[in-house]
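Below you'll find the structure, written out as structure tokens, and then a few comments.
Read-outs: derived from the displayed coordinates by stated rules, not from any lab. Note that the coordinates shown come from a computational prediction; the quantities given were computed from them, not determined experimentally. Quick reminder, even Gly has a Cβ in these numbers, built from the backbone with ideal geometry, and neighbours come from all protein chains shown.
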Amino acid sequence: MKIDFHSHILPQIDDGSRSIEESVELLDMMAEDGVNIVCATPHYYSHKRSIDEFIERRNAAYEKLKPHLKPEHPKILLGAEVLYNHSLIHCDDIGKLCLEGTDYLLWEMPYSQITSGIVSDTEELAGSTNIKLMIAHIERYLHFTSYKELSALMQLDVIGQINSKSMTSFSSRRMCKKLISDGFVYVLGTDYHRTDSGHELLSAAEELLSKKYGESIIGKIAANGERILANEPIYKLDSI
Ligand SMILES: [Fe+2]
């Protein structure tokens, strides 16, 4: 099963797809790439709106898109990419932002240093009943924070997602491999925003990963994805 855990394919809800047509085009590309399931994870910024308002807007965007979906399109699961905010740690409603049918929440770090406060807040949230944290595109934060600070976050009871594009880009590929060998990476996502936003489909990253680690890594990623959707325990990719 090929699962894209991170995308902005819903129309006109964030800085992702600009129209229903663009959403359909993105889904056509993903179908062509062999994706079975795509998680629609629009940005959730708690300083902008309430969780209930966000969910209402997200569901409305999905309803608008629904009549245009084709049988070959990947199945869409609704979720959110939730930007860290201290106020969310004790928020009773945060579970509503988990990926549909699971306890997994896509948790985005601010684009600044990962402080000990952020780490302890994340630890507290990760320890909540019914919340499992998937840290979005972990490689990206290394532009803002040290490897040591990122490691402190990733050593918590959380899992990491990397973007396809970061594997294919020469400048970030080596860092992605280090994150994989340190056991921080469990799944992939495209983080696709727009047809012209320069992201990469999943198979581009899979091809490079197979070359480096052998084809078994693709099976491992797929198995992790299926376990996430079933809320079962998952495994580190480096334990292959
Ligand atoms: Fe994203």
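If you project the alpha carbons of region 173-222 onto their three principal axes, what span does each projection cover, largest first, in Å?
31, 19, 16
For region 62-126, which chymotrypsin sites (Phe, Trp or Tyr not before Pro) are in a loop by DSSP, counting at most 11 other Cβ atoms within 10 Å? Intermediate values should be presented prior to the final figure.
On the way: sites: 62, 84, 104, 107, 111; in loops: 84, 111.
Here the sparse-neighbourhood loop sites are 111.
Of the chain, which part is the longest with no GluC sites (Glu not before Pro) in a loop (DSSP not H, G, I, E, B) and with at most 14 other C-beta atoms within 10 angstrom?
Values: sites that count: 72, 100, 215.
Longest gap between qualifying sites, sites excluded: 101-214.
Taking R0 as 30 Å, what's the FRET efficiency between residue 170 and residue 111 from their Cβ-Cβ distance, rounded to 0.05? Numbers along the way, then the final one.
Values: r = 22 Å, r/R0 = 0.74.
With R0 = 30 Å, the Cβ-Cβ based efficiency is 0.85.
Just in region 1-91: which trypsin sites (Lys or Arg not before Pro) are loop by DSSP and have at most 10 other Cβ atoms within 10 Å?
Numbers: sites: 2, 18, 48, 49, 57, 58, 64, 75; in loops: 2, 18, 48, 49.
Within region 1-91, the qualifying trypsin sites (Lys or Arg not before Pro) (loop, at most 10 other Cβ atoms within 10 Å) are 48.
Compute the length gained on full extension between residue 177 and residue 25: take 0.36 nm times their separation in residues and subtract their Cα-Cα distance, giving the result in nm to one decimal.
Result for the pair: 51.6 nm of gain on full extension.
With bins 5 Å wide starting at 0, give me the P(r) of the chain over every alpha carbon pair, in whole percents.
Pair shares across the bins are 1, 7, 15, 20, 20, 18, 12, 6, 1, 0.
Kindly state, to the nearest 0.05, the FRET efficiency for residue 50 paired with residue 155, given R0 = 35 Å and r defined as their beta-carbon distance. If you can, show how the numbers build up before the last one.
Values: r = 32 Å, r/R0 = 0.92.
Efficiency for this residue pair is about 0.60.
Rounded, prolate or oblate: which fits region 22-90 when a ≥ b ≥ c are the square roots of the eigenvalues of the alpha-carbon gyration tensor, with rounded for a/c under 1.5 and prolate only if a/b beats b/c? Walk me through the numbers before you get to the answer.
Details: a/c = 3.22, a/b = 2.06, b/c = 1.56.
Prolate, because a/c is 1.5 or more and a/b exceeds b/c.
Subtracting the Cα-Cα distance from 0.36 nm times the residue separation, let me have the gained length for residue 216 to residue 129 in nm, one decimal. Please report the intermediate quantities before stating the final value.
Values: separation 87, 0.36 × 87 = 31.32 nm, distance 3.26 nm.
The span from residue 216 to residue 129 would gain 28.1 nm if fully extended.
Starting with the fewest neighbours, write out 122, 195 ranked by other beta-carbon atoms found within 10 Å of each beta-carbon. Show your work: numbers first, answer last.
Values: 122 23, 195 16.
The fewest-first ordering by Cβ neighbours comes to 195, 122.
Which whole-number percentage describes the relative contact order of region 3-239, with Cα contacts under 8 Å and a sequence gap of 6 or more?
Working: 419 pairs, mean separation 48.9, N = 237.
Normalised by residue count, the contact order of region 3-239 is 21 percent.
Hey, rough spin-label estimate for residue 59 and residue 194, points 7 angstrom out along Cα→Cβ, what's it come to in nanometres?
Going by the 7 Å Cα→Cβ label model, 3.0 nm.
Taking the Cα centre of the chain as the origin, how large is its charge dipole in debye, to the nearest 20, when only Lys and Arg (+1) and Asp and Glu (-1) carry charge on their Cβ atoms?
Values: 25 positive and 36 negative charges, 108 e Å.
That gives the chain a dipole magnitude of about 520 debye.
Which of 70/236; 132/178; 2/236; 66/96; 148/236; 70/211 have a Cα-Cα distance over 26 Å?
Working: 70/236 34 Å; 132/178 23 Å; 2/236 17 Å; 66/96 21 Å; 148/236 19 Å; 70/211 33 Å.
Beyond 26 Å: 70/236; 70/211.
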